[in-house]
1. B:Ser39: among the small types (Gly, Ala, Ser), in contact with a helix residue (DSSP H, G or I) (Cβ under 8 Å, 6 or more places away or on another chain), within 10 Å of chain A (Cβ to nearest Cβ) and over 27 Å from B:Met343 (Cα atoms), yes or no?
2. Which of (1) within 12 Å of another protein chain (Cβ to nearest Cβ); (2) surrounded by 18 or more Cβ atoms within 10 Å (Cβ to Cβ); (3) within 29 Å of A:Gln130 (Cβ to Cβ); (4) within 27 Å of the chain's Cα centre (by Cα) is the odd one out, the single condition A:Ser48 does not satisfy?
3. Among the aromatic types (Phe, Trp, Tyr), in the same structural domain as A:Met223 (by TED's automatic domain parsing), at pLDDT 95 or above and assigned to a helix (DSSP H, G or I), is that true of A:Phe154?
4. With the requirement that a residue be within 16 Å of the chain's Cα centre (by Cα) and either among the hydrophobic types (A, V, I, L, M, F, W, C) or in a strand (DSSP E or B) (or both), what does region B:97-118 give you?
5. Please tell me if A:Val166 is buried (at least 22 other Cβ atoms within 10 Å of the Cβ), of a type outside the set (Ser, Thr, Tyr) and part of a helix (DSSP H, G or I).
6. Would you say A:Tyr25 is more than 14 Å from chain B (Cβ to nearest Cβ), free of Cβ contacts under 8 Å to residues at least 12 places away in the same chain and not charged (D, E, K, R)?
7. Between a residue in region B:162-183 that is without any contact (Cβ under 8 Å) to a residue 40 or more places away in the chain and any residue that is hydroxyl-bearing (Ser, Thr, Tyr), which pairs come within a Cβ distance under 8 Å, given they are 6 or more apart or on different chains?
8. If I go through region A:125-161 residue by residue, how many of them are within 14 Å of chain B (Cβ to nearest Cβ), surrounded by 19 or more Cβ atoms within 10 Å (Cβ to Cβ) and of a type outside the set (Phe, Trp, Tyr)?
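The values are calculated or read from the model by the stated rules, or taken from the named source; none is laboratory data. Nothing here was measured: the structure is a model prediction, and the numbers come from that model. Virtual Cβ from ideal backbone geometry, glycine too; neighbours counted across all protein chains shown.
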There are 2 protein chains.
Amino acid sequence: MQYSDSILKTPSSFIRNILKVTDAYDVISFAGGLPNPISFPIDELKQSVNDAIDANGAKVFQYSTTQGYLPLRQYIADKLNNKQSNLNYTAEDVLITTGSQQALELISKVLLNKGDGVVIEEPGYLGAIQAFTLREPSFYGVTLETEGLNVEQFKDALKQPNVKMVYTVPNFQNPTGLTYTKERREEVFEAVKDQDVIFIEDDPYGELRFTGEHLPYIAAGKMTNSVVLGSFSKTVTPGMRLGYILTKNHELLNHVETAKQATDLHTNIFAQYILHQYLTNNEYEAHVEKIIALYKTQADAMLAAMEKYFPPYVKYTKPEGGMFVWVTLPEGVNALDKFTEAMEKKVAFVPGNPFYTDKESVNTLRLNYTNATPETIEEGIKRLAEIL
Amino acid sequence: MQYSDSILKTPSSFIRNILKVTDAYDVISFAGGLPNPISFPIDELKQSVNDAIDANGAKVFQYSTTQGYLPLRQYIADKLNNKQSNLNYTAEDVLITTGSQQALELISKVLLNKGDGVVIEEPGYLGAIQAFTLREPSFYGVTLETEGLNVEQFKDALKQPNVKMVYTVPNFQNPTGLTYTKERREEVFEAVKDQDVIFIEDDPYGELRFTGEHLPYIAAGKMTNSVVLGSFSKTVTPGMRLGYILTKNHELLNHVETAKQATDLHTNIFAQYILHQYLTNNEYEAHVEKIIALYKTQADAMLAAMEKYFPPYVKYTKPEGGMFVWVTLPEGVNALDKFTEAMEKKVAFVPGNPFYTDKESVNTLRLNYTNATPETIEEGIKRLAEIL
C-alpha cells in the first residue's frame, strides 16, 4: 500500500514519543505540556453536567450545527470584546472547533495548496507544524526574538511567493514562553496590514499572565484577514477538546465550516452545553486567578533554581505567563545528546528539534514547570545543571 | 484571498441547506437523518457522567492518548468479536474517532494523493463523498443494486489506475436503505481479496435490524486491508461524536494516528469515559431493542402508506433496518422539481442529487422515517403521492 505524500511527510509527535521514556516514576519530568489538574474545576463541571441535562434534555445528545452552540459562540465574542474595546465580535464571527488543534488543521485545509507559503515563528508551535505539514506547504521561518518576530526577516518572508498565512503565538509562546512587546506588535502589524494573507494569533495561554500588563492583539480588530484562535484547554479542561476560531472574514469562516462538516460534522455538543453552563454559573475569573497563582509559584521556583545552579553561559527566557521556559545552550551543543545525559540523571526535558521546520541539530530545549512542586523543580534543575 | 483547490471543490452540505427550509413547524419532514431522541438513554447517561467523574476524578478532564480510552477500545473489539467468530480483534486494532465522519476523513488523508481512485457505491453516502473530496480523488461509482454492488462494474472499477480504497455501507445503506445479500457479500469479497486496496465497511446502522438475519461482514476477519467503521451515534448519542476504526493493518492505523494527532490530538476523553461507563453498567442490548421496535413501526407505516398511495410506476426500497427508504421516480422526472412541489404541499424529502459524484439531474429521493409518528408518516406520504 502506498500512503499519501502528505502523511509520509508529517512528523508523528516527537514529544509523545519522548513522554514514553520520561514517564518512569523516579524521573523528574519537565518534558510534558499538560495543565496542572488544579485547572479543572471538577465539582463545578459535575454540577454543570447535571444542570445542562436537566435544563435541555435530549438536545444535549442530538446532532447539532457545525458552527457550534450559539450561546457559547456569543459568550466567546462577548468575552473578547470585554477584554479589548476595538474588537466588536459577534456570534457570527465565531466557530467552535474540536480543540484549537483542529482550528489549525481546518484553516490550513481551506487555504493551502501544496507548496503554498506559511510564515511561522522559529522556533514554533509543534502542533501547528504538524497540522500545516498535512498540506505540504513551504515554511518560511522567522526568528522569534525576546521582543517578538524579527521584523526585517518577517518583511522578507512576506515577499516570498504564495504566502497565504502567518502563524503567531504572541503571548507566552509554546515552546519559548516569550511574549511580543507592545511596540513589536505594532511593527508586525504595520508589516502585514496591506498584504493579502491570513494573520493568525493563536492565544491558548493569554489568560495565564502572572506578571506584567495584558497587551492588545496584533491584528484583531484592525484587519479583516485577522484570525484569533482560543481554547478552554488551559483554563477549564483539555479533555473536552473545545477551541474556537474568531474572524471577521466570513468567506474564510464559511469555507472553514464546510471543511469542518466534512471532517467531523460538528464539535461534541454535550461538551459545549456543559462548558457554557459552567462559564455562566461560576466564578470563572476567580478560578483562573487560582491557576495563575500556582503557575507563578512554579515559574518563580524554576527561574530561581536556574539562577542559582545554571552556569552563566546557559541562557533562558523569563516568561510573564503560560507554561514554558526555553533554554539555549552554547553554540554547538546538541540538545539531543544532553537529553540522553539528563535521563541518566533522572530528569527530562524536550530537546528543541521538533519546534523547527528545517533543523537537524539544535542547542535549545523546552522546560515545563506546571506539574511539579517548587521543591521538585529545584531538585530537577539542580540535576540538569550538573550536565550542562 | 485564493482558497485551496480542495475546499473549492468540496460541496457544502446540500442536506443542511435543505433542512433550513424544511424546518417550518407545519412541514412534515422526511428530509432529516436524525436518530429519534428515544435512542438517547438520558437518565442512564446522566448517571454515567456522575459515576465516571467520581471513579476517575481529574483524569476525565485531562489530555489523553490519540488512540482513545483503552477500556473503550477493548469493549469495541470484544463487541465485534462476540458478533462474529472469525474477527479476533484486540484493543490494538481500534482507534477512537470524533464520530465516524472523522474516520472517513482521516483514512482518505493518509491514503489519497490528488487524483487517486476511490470506488464508491452509487448512490453513496454524502458524508463520505464530502470527506473524500477534500483529497481531490477520482471517484469510480459502482451501481448499488437491491442485492449489493453490481459485481461486473465493481471488477471494472478495480482495474482503474490508482485505486486506493473501496467504500461500502453494507447494512441499511444511507441513502438507499439497501442491504447486501450474503451471496453478494461473498462475490464482492472474491473480487477484491487479491487487490492492493483498502476495503472499508462503514456500519453505523448495523445494530438496527428489524427484520431478517444478521449477515457477516464482507471482508473483516478475512483480509488485512479490511477496515470496519462504527459509531455510537445511532444507538447512544450522536452529540458526543464517538466513532471508531477497526483494522488489522497496523501500518495504516499508525498513519491514521499521526493524522489524528495533527487534526485534533485526541477524541474528547470525557465523553469516552462516559460512554464506557454507560455501556458496561446498563442493559445496552435491551436499549437497542427499544430503538429497533420504534423504527420498525415507523418503517412499516411508511411502506404501508407508500403501498396504499403511490402510483405503481414509483419504485422504492424495503429496508430491513436503519433509517431510510429510497424512492425512484420514472425516468426523466427531476427530483429537485418535485422537491419544490412537495414543499408547497408542506412535505419534505432529500432529492437524490448529493448522493452521486457526477450527476446533475436525478429521478431519485431519500425519505427518513425515524422522526414522525405513524399517523404523521401516513399523512406525509399521502401528500407526497399527490405530486408524484
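1. Values: among the small types (Gly, Ala, Ser): yes; in contact with a helix residue (DSSP H, G or I) (Cβ under 8 Å, 6 or more places away or on another chain): yes; within 10 Å of chain A (Cβ to nearest Cβ): yes; over 27 Å from B:Met343 (Cα atoms): yes.
Criteria met by B:Ser39.
2. (3)
3. Details: among the aromatic types (Phe, Trp, Tyr): yes; in the same structural domain as A:Met223 (by TED's automatic domain parsing): yes; at pLDDT 95 or above: yes; assigned to a helix (DSSP H, G or I): yes.
Yes; evaluated as a whole, the condition is true for this residue.
4. Matches in region B:97-118: B:Thr97, B:Thr98, B:Ala103, B:Leu104, B:Leu106, B:Ile107.
5. Numbers: buried (at least 22 other Cβ atoms within 10 Å of the Cβ): yes; of a type outside the set (Ser, Thr, Tyr): yes; part of a helix (DSSP H, G or I): no.
The answer is no for A:Val166.
6. Details: more than 14 Å from chain B (Cβ to nearest Cβ): yes; free of Cβ contacts under 8 Å to residues at least 12 places away in the same chain: yes; not charged (D, E, K, R): yes.
Answer is yes for this residue.
7. B:Tyr180/B:Thr168
8. First, pick out the residues of region A:125-161 that are within 14 Å of chain B (Cβ to nearest Cβ): A:125-137, A:161.
After this cut, where a residue has to be surrounded by 19 or more Cβ atoms within 10 Å (Cβ to Cβ) as well, the list is A:125-135, A:137.
Then drop every residue that is not of a type outside the set (Phe, Trp, Tyr), which leaves A:126-131, A:133-135, A:137.
Matching residues across region A:125-161 total 10.
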